[in-house]
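Everything on this sheet refers to the single structure shown next.
Derivation of every value follows stated rules applied to the coordinates shown; laboratory data play no part. Being a predicted model, the structure only gives us computed values, none of them experimental. Note that we place each Cβ from the backbone using ideal geometry, even for glycine, and neighbour counts take in every protein chain shown.
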Amino acid sequence: MKARVIQVQEHGGPEVLKLIENEVGDPGPDEVRIRQHAIGVNFIDTYYRSGLYPLPLPHGIGSEAAGVVEAVGSNVKFLKEGDRVAYPQSPVGAYADVRVMPAATVLRLPAKVGFEAAAAMMLKGLTVQYLFRQTYRLQGNETILFHAAAGGVGLIACQWARVLGVKLIGTVSSPEKAALAKRHGAWETIDYTRENFVERVKQLTGGAKVPVAYDGVGKDTWEGSLDCLQPRGLMVSFGNASGPVTGVNLGILAAKGSLFVTRPTLATHIVPRTRLEESAAEMFDLVGRGKLKIEIDQRYALADAIKAHTDLAGRRTTGSSVLLP
């Protein structure tokens, strides 16, 4: 069987993404073959494309997608042919119309969750789940800082914070994005192109600052985020949109108030499979009750992956983006 696949043959900008045809075989004993209906586009995809997260060349790209099971390996008992499914990550290679996946990371979709929403939600939504419910378990009534609040992860975070009774201060890059984040549940927003976000956080909290800062931006916001934390506060660095954080001086953490820092990833928060199922169940419940709406603001054909990455890197997107095979 032939599959249309986006492949990275050399690392670089969006132009290195190539549409090719690959042979796809039958699934192994612990695998399933999925006919994909929608594919999520995420900032982490640009890290694999550029080589920031290096993989041997050539390689596929993409982490999350949704579709229908076409074939099931002999050891797989919890999925069957015809099941509507989705997965959040691993192995890289979601930009394809058909692919074989380890069954261990594939989840059956509830009837109320469509393919596009699932493809836009699995990685991003489960990222918010582990950030808010595992890395720093929010109890309610906290005031927190969340960077890039109008992005795919950010809009889910705004809604989830509202459900939890948490005041989310979100940074954005335009008045339009500020309004979008507020509509989705952000308590306050800071346009960092016009305001000093550190000073604004201090003002909004009456000088108390925040117990936790969630930072997927990286290099450009690292030091400012530390300055927004209360003594013994937690800095959660979960992405590198502006470049990786390097040359960290641990003494700064002492000087700024005995701060904690963590660099978590989704992969270590969804194993064993029971934890993946529990995390997804919490997310699907919020979607089913209408508490969490997945905003898909950009749709692209699979062949237009270059444009999808160009728009993402140029900060021309809001909410989530999906590729449609």
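Okay, here's what the table says:
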| item | result |
| --- | --- |
| Cβ-placed point charges (K, R +1; D, E -1), dipole of the chain about Cα centre in debye, nearest 20 | 760 debye |
| Residue-span extension gain [residue 112 to residue 208] - 0.36 nm each, minus C-alpha spacing | 30.4 nm |
| Cβ-placed point charges (K, R +1; D, E -1), dipole of the stretch 140-263 about Cα centre in debye, nearest 20 | 220 debye |
| Residue with peak Gaussian network fluctuation, the chain [Cα springs, cutoff 10 Å], from 143, 205, 46 | 205 |
| Candidates 58, 244, 264: whichever shows maximal mean-square fluctuation once the chain is modelled as a Gaussian network with Cα springs under 10 Å | 58 |
| Segment residue 81-residue 163, extension gain: residue separation times 0.36 nm, minus the distance between their alpha carbons | 26.0 nm |
| FRET efficiency, 1/(1 + (r/R0)^6) with R0 30 Å, evaluated for residue 262 and residue 285 via beta carbons | 0.70 |
| Relative contact order [Cα under 8 Å, 6+ residues apart], the stretch 140-263, whole percent | 20 percent |
| Proximal charge balance of residue 52 [Cβ under 12 Å; K/R count +1, D/E count -1] | +1 |
| Relative contact order for the chain, counting Cα pairs under 8 Å that sit 6 or more residues apart, in percent | 17 percent |
| Of 167/209; 209/256; 18/293, pairs whose Cα-Cα distance is over 21 Å | 18/293 |
| Tensor-based shape of the stretch 170-284 (alpha-carbon gyration tensor, a/c under 1.5 rounded, otherwise prolate or oblate) | oblate |
| The chain: calculated mean residue ellipticity at 222 nm from DSSP helix runs of at least 4, using -39500 (n - 2.57) | -8000 deg cm²/dmol |
| Candidates 310, 246, 221, ranked by Gaussian network fluctuation over the chain, Cα under 10 Å, top entry | 246 |
| Calculated FRET value between residue 68 and residue 104, using beta carbons and R₀ = 22 Å, to 0.05 | 0.75 |
| Residue 53-residue 35 pseudo-label distance in nm [points 7 Å out on the Cα-to-Cβ vector] | 3.0 nm |
